[in-house]
Each structure stands twice: as structure tokens, then as C-alpha cells.
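Scroll down for the structure; my scribbles are underneath it.
Read the figures in this text as sums done on the coordinates, not as results from a lab. Please read these numbers as outputs of a predicted model, since none were measured by experiment. Cβ atoms come from the backbone with ideal geometry, glycine included; neighbour counts cover every protein chain shown.
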Amino acid sequence: MAEIGTAHISGYSLDGKVAGMLMVYDEVCRHFAIAPQTNIQRFMPAVENKEVKIDPRGSSEQQKILETVRKVYDIRSDDAALRGILEEAAEKRGEFFESLRNNYPVRREFFNTEVSLEVGDESLSGKLVGIGFR
């Protein structure tokens, strides 16, 4: 009955994983009075979709948001992979699910992407900023 299903959990974006690791690192450094020697950028690959341009013509605001999100990460691929569990024997489904989680694709947070849109489209701009885009 689910429209979209995924095997991911919170913090599975690459940015979330690295930020969590650095939080632990910073606390260990603070505890031992050691100056941290790194920053998050050292661990991050280049962003695939650093900039997204929105076509001002035609589609609704909701459709423009959906298209923008899908250009950064199309969750439909997660859904299709998870639905593959239905092809597995019941006793293999747990292993299949864990495999999806352990091999989750690199997903970056929206704040890595700058969106270009028409001047004067404050409503759409506000919504995109609200979900994390620049």
C-alpha cells in the first residue's frame, strides 16, 4: 500500500555520515585538548548537481519542486530497488534488505545545490530554501 518505500535511514546521506564522524572527532579532540586537523570538505567528493536551473515555463510550482528534487536524487530508484524484495523468498528478505542498506548509493544533501530561477518567484524560492536548497 506504500506509494514510495526506501531502505535508507536518517543520516544515510554522505553529508550526514561525514558530519556525524566529524562530531565524534571534534569531541575526542576537545576531550584530549588537541586542535582538530581537518574539515568536512576533505572527505567529500565533488557534487554532481552543483547547480540546477528551473525552467520558468509551463509546469506548476509543485511540479518544479519535484523536478528539482529529482535532479539531485531520484528516490524512485530506491523504491524500485526495495520492491525487488517481493521477488525474494521469505527467508532471504532480511538479507536482501540489509544488502540494500549496506550498499546504499551516495546521496548528497540539498544544501550542496544552488537553484537558479526567475527573478520575482519568491514563493517557489522560499519553498526550495525551506527544504534545504541554496
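How charged is the neighbourhood of Glu67? Take every other residue with its Cβ under 15 Å from the Cβ of Glu67, and add Lys/Arg as +1 and Asp/Glu as -1.
The answer is +1.
So for Phe96, Phe111, fewest C-beta neighbours within 10 Å to most, what's the order?
Phe111, Phe96
Rounded to the nearest 20 Debye, what is the dipole magnitude of the chain about its Cα centre when Lys and Arg each give +1 and Asp and Glu each give -1 at the C-beta?
Here the size comes out at about 260 debye.
Pulled fully out, how much extra length does the chain show between Ala33 and Arg70, if you take 0.36 nm times their separation in residues and subtract their Cα-Cα distance?
So the extension gain works out to 9.0 nm.
Residues with amide H under 5 Å of Asn49's amide H, sequence separation 5 or more or different chain, H placed in the peptide plane at 1.01 Å from N; which?
Correct list: empty.
Counting only residues 5 or more places away or on other chains, whose amide H sits under 5 Å from the amide H of Val115 once H atoms are built in the peptide plane?
For Val115, whose amide H was placed from the backbone, the distant partners under 5 Å are Val52, Arg134.
Residue-wise, which Karplus ³J(HN,Hα) couplings in Hz belong to region 103-119, taking 6.51 cos²θ - 1.76 cosθ + 1.60, θ = phi - 60°, and x for glycine or proline?
So the Karplus estimates, Gly and Pro as x, are 10, 4, x, 5, 10, 9, 6, 4, 5, 7, 10, 9, 9, 9, 9, 4, 4 Hz.
When the Karplus curve 6.51 cos²θ - 1.76 cosθ + 1.60 is applied with θ = phi - 60°, which whole-Hz ³J(HN,Hα) does each residue of region 123-130 get, with x for Gly and Pro?
Result, rounded to whole Hz: 4, 5, 4, x, 5, 5, 5, x.
Which whole-Hz ³J(HN,Hα) couplings does region 17-27 yield from phi under the Karplus relation 6.51 cos²θ - 1.76 cosθ + 1.60, θ = phi - 60°, glycine and proline marked x?
4, 5, 4, x, 4, 5, 5, 5, 4, 4, 5
Cross-link candidates for Lys127: which aspartates and glutamates have Cα within less than 19 Å, leaving aside residues fewer than 8 places away along the same chain?
The reachable aspartates and glutamates, counting only those whose Cα sits under 19 Å from Lys127, are Glu51, Asp55, Glu61, Glu67, Asp74, Glu109, Glu114, Glu118.
Based on the mean of other beta carbon atoms within 10 Å per residue, what is the order of 101-110, 35-44, most packed first?
101-110, 35-44
At 25 °C and a viscosity of 0.890 mPa s, what translational diffusion coefficient does Stokes-Einstein give for the chain, taking Rh as the Kirkwood radius over Cα pairs? Give it in µm²/s as a whole number.
The diffusion coefficient I find is 139 µm²/s.
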